[in-house]
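K.L.:
Dropping the structure in here first, questions after.
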Amino acid sequence: MRLSRRAFALGTTAVALTAPAFAATSDLDRELTVFLDKAFEEELAMSPEWLTRLGRKTQYDRLSDRSDAAAEKRLAWRRASVAEMKRRFDPAKLGVDARTSFDIWALELERAEDAYRWRDHDYIFVRSGPHAGLPGFLINAHRVDTPADMEAYVARVKAIGPTLEVLLAQAKRAAGKGIRMPRFAYEQSLEEVRKITAGAPFGEGPDSALLVDAKAKAAALRTAGKIDAATEARLTAAVAEAMRTGMKPAYDRLAAWLADDRANASPEPQGAGSLPDGKAYYEAMLRDQTTTSMTAEEIHALGLAEVKRIRVEMEALKAEIGFAGTLEEMFVFMRTDDRFYVPNDDAGRAIYLKKCEDFLAAMRARVPEQFGRLPKSPLVVKRVELYREEPGGAAHYNTGSLDGARPGVYYVHLADTRATPIYEIEGTSYHEGWPGHHMQISIAQELTGLPAFRTQYKYGAYIEGWGLYVEQLAKEMGFYTDPYSDFGRLGREIWRAIRLVVDTGIHAKGWSEAQAFEFYSSNSPQPVGKIRSEIRRYFVSPGQATSYKVGMIKILELRAQAKAAMGARYDQRAFHDMLLSPGSLPLPVLEARVERWAG
């Protein structure tokens with residue numbers, strides 16, 4: 001999110017924060033919390049899907065309004081909210097944590113202004129865009145406990161078509177300005193649309209994923225005695241009708257436009273620098289993702305230095321393993337040798353998922369060694385739904401609900417197990433699950449005493465930096481006992497360093513896909529399919545890939561500084577609890593917090 005270090009004036013009072021709950025230090029602090037909680041409720045009211053993801057059933061029959069008018073309304077609301085906060089509260093009179101909340105809320109206006117300015121530059125219908133995300137939202141987030149919930153499900157299916165029409169109009173407008181995603185992204189999205197609209201009720205074949213979900217949820221209501229068989233049949237028929245008459249025509253129009261407009265897109269993908277005002281847009285994306293003022297040149301140089309450093313560690317581990325060839329030859333060996341892959345069938349996929357679960361269970365048992373605060377939210381591991389699965393796609397995490405009824409989900413892509421080597425499973429599991437995203441995000445959601453928005457807002461450099469940091473922390477705890485798994489850890493770290501080089505290379509230096517592939521494959525053991533998938537992800541998501549390594553480096557720097565400042569007083573469990581206890585923060589705010597804590 002678009003914040004800079006100089007924008008924060010958080011004071012220098014030393015505060016030892018090891019508890020997860022916060023207490024306002026004055027009546028003014030409490031008044032600010034009340035004000036911000038009210039404002040956050042107003043924000044949530046403009047996003048029915050966010051409410052659902054939080055486990056709340058307000059506006060349960062609606063999808064979020066993605067129209068230009070709604071975007072203008074949200075921006076006007078935030079401008080008014082920040083203006084009122086500044087009028088009512090003097091930041092100089094607030095306590096440390098209240099001042100942090102004040103500053104973040106104010107600077108969220110900068111984020112909103114930037115997002116509105118660049119709204120046409122964001123590619124809409126990339127892989128796993130709203131065309132895939134809306135069915136996924138209903139499948140994964142819309143809980144059905146009552147007949148009314150199922151009626152709301154039907155209403156939301158009906159709303160998918162009109163929502164896609166709004167987004168299609170915006171994509172057409174952007175294309176009219178010369179803003180088009182790369183041609184490969186058109187092909188990817190066309191394939192997703194084909195999968196989403198295949199099968200019943202659209203035509204012959206097995207039920208589509210959404211219909212399978214609707215039938216399962218209606219059947220569960222009947223099994224629980226909440227509806228009879230006739231009502232179950234009526235509800236599933238209503239979903240099927242909404243899919244045929246509302247969804248399908250909208251998807252057909254989207255597919256027709258994608259097929260027609262792809263000829264206007266460059267066959268060779270180009271970075272953000274090729275777009276109108278592309279340089280300024282990419283700079284905004286880097287600020288957004290790193291929460292720093294680092295330039296593309298600085299990030300590129302940092303990436304090159306990190307790649308060089310990690311290669312030295314890889315060389316040492318290669319020698320320990322006893323591999324006789326060059327490092328590049330070892331990369332090829334690890335990409336191609338059968339020992340590093342499970343069979344590319346359902347039995348192999350089950351083995352892969354079981355390995356994920358076993359690593360998570362082993363780590364979960366030892367997490368209390370490093371953390372005093374643990375979340376209550378459960379975690380499950382799942383294969384990505386078939387309609388949105390991608391060979392070599394990156395694993396990812398979906399947040400659970402506040403009440404724990406919907407667990408956090410660690411998703412893995414298993415369309416092609418030859419693109420998902422087993423030596424990466426261990427590090428990936430720690431990153432996505434324990435003590436990574438699941439633990440950090442769940443703890444944030446469960447915090448008390450802070451304004452509610454602080455438990456929900458997410459900053460990429462903090463969140464992804466934490467996920468990468470805990471991959472190294474696991475090594476320090478004695479995990480990665482298999483040397484190839486340890487090499488996979490280094491492979492995952494150098495992957496994030498490569499991202500700094502390749503992302504800035506693509507978007508600031510005009511690198512081609514071939515140049516990006518050459519650098520990436522020369523410095524990574526990852527399978528070719530995964531490398532190609534990753535590079536294409538960078539082309540359509542400028543700046544996002546830079547957040548991981550920038551955040552990790554900052555956390556490691558802050559830990560070293562705290563150790564040096566505190567000496568024998570340093571306690572790593574307290575350090576970790578302090579990092580996790582305020583929710584996600586921009587890196588400059590995190591830095592100020594650690595400096596106060598270390599004294």
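K.L.:
Return ASP416, ASP37, ASP29 ranked ascending by Cβ neighbour count within 10 Å, so the fewest neighbours appear first. Provide the component values of the computation, followed by the final result.
P.N.:
Details: ASP416 18, ASP37 14, ASP29 22.
Result, fewest neighbours first: ASP37, ASP416, ASP29.
K.L.:
What does the charge dipole of region 221-368 about its Cα centre add up to, to the nearest 20 debye, if the Cβ of each Lys and Arg holds +1 and the Cβ of each Asp and Glu holds -1?
P.N.:
With only Lys, Arg, Asp and Glu charged at Cβ, the dipole is about 660 debye.
K.L.:
Here's a follow-up. Mind putting a number on the dipole of the chain about its Cα centre? Charges go on the C-beta only, +1 for Lys and Arg and -1 for Asp and Glu, and I need it in Debye to the nearest 20. Spell out each step's value before the answer.
P.N.:
Values: 82 positive and 81 negative charges, 173 e Å.
With only Lys, Arg, Asp and Glu charged at Cβ, the dipole is about 820 debye.
K.L.:
How charged is the neighbourhood of ARG244? Take every other residue with its Cβ under 14 Å from the Cβ of ARG244, and add Lys/Arg as +1 and Asp/Glu as -1. Don't skip to the end; give the middle numbers.
P.N.:
On the way: positive: LYS158, LYS248; negative: GLU204, ASP207, GLU241, ASP252.
Taking every other residue near ARG244 into account, the sum is -2.
K.L.:
Excluding SER64 itself, what net charge comes from residues whose Cβ is under 11 Å from its Cβ, given Lys and Arg +1 and Asp and Glu -1?
P.N.:
+3
K.L.:
Please state the relative contact order of the chain as a whole percent: Cα pairs under 8 Å, 6+ residues apart?
P.N.:
Numbers: 920 pairs, mean separation 126.8, N = 599.
Relative contact order of the chain: 21 percent.
K.L.:
Find the relative contact order for region 130-266 and round it to a whole percent, using C-alpha pairs within less than 8 Å whose residues are 6+ positions apart. Each step should come with its number before you reach the end.
P.N.:
Working: 121 pairs, mean separation 54.8, N = 137.
Relative contact order here is 40 percent.
K.L.:
Also, I was wondering about something else. Over region 280-551, what is the percentage of antiparallel beta bridges among all DSSP beta bridges, to the nearest 5? Intermediate results must be reported in sequence, preceding the final value.
P.N.:
Working: 3 of 8 bridges.
Once the DSSP bridges in region 280-551 are tallied, antiparallel ones form about 40 percent.
K.L.:
Here is a follow-up. Under a Cβ-Cβ cut-off of 9 Å, what is the net charge of the residues other than GLN170 that fall near it, where Lys and Arg count +1 and Asp and Glu count -1? All intermediate terms of the calculation are to be shown ahead of the outcome.
P.N.:
On the way: positive: ARG66, ARG119, LYS172, ARG173; negative: ASP68, ASP120.
Spelling it out: positives minus negatives among the neighbours equals +2.
K.L.:
For the chain, what is the percent of antiparallel DSSP beta bridges, rounded to the nearest 5?
P.N.:
Numbers: 3 of 9 bridges.
The antiparallel fraction comes to roughly 35 percent.
K.L.:
Just want the answer: with Cβ charges of +1 for Lys and Arg and -1 for Asp and Glu, which residue in LEU54, PHE137, ALA240 is farthest toward the dipole's positive end in the chain?
P.N.:
LEU54
K.L.:
How about region 398-495: which trypsin sites (Lys or Arg not before Pro) there are in a DSSP loop, with at most 16 other Cβ atoms within 10 Å of their Cβ?
P.N.:
Numbers: sites: ARG418, ARG454, LYS458, LYS475, ARG489, ARG492; in loops: LYS458.
Those that pass, being in a loop and sparsely packed, are LYS458.
K.L.:
Using Cβ counts within 10 Å as a stand-in for footprinting exposure, how do ILE124, ILE196, ILE443 rank, fewest first?
P.N.:
Working: ILE124 19, ILE196 25, ILE443 22.
If I rank by nearby Cβ atoms, fewest first, I get ILE124, ILE443, ILE196.
K.L.:
How would ILE139, ILE425, ILE498 line up from fewest to most surrounding beta-carbon atoms within 10 angstrom?
P.N.:
Ascending number of Cβ neighbours within 10 Å: ILE139, ILE425, ILE498.
K.L.:
Give me the dipole magnitude in Debye, nearest 20, for region 27-119 about the Cα centre, with unit charges on the beta carbon: positive for Lys and Arg, negative for Asp and Glu.
P.N.:
Working: 19 positive and 20 negative charges, 39 e Å.
Result for region 27-119 is approximately 180 debye, rounded to the nearest 20.
None of the figures in this text is laboratory data; all of them are computed from the coordinates on show. Just so you know, these numbers come straight off a predicted model, no measurement behind them. Please note: Cβ atoms are built from the backbone with ideal geometry, for glycine as well, and neighbour counts cover all protein chains shown.
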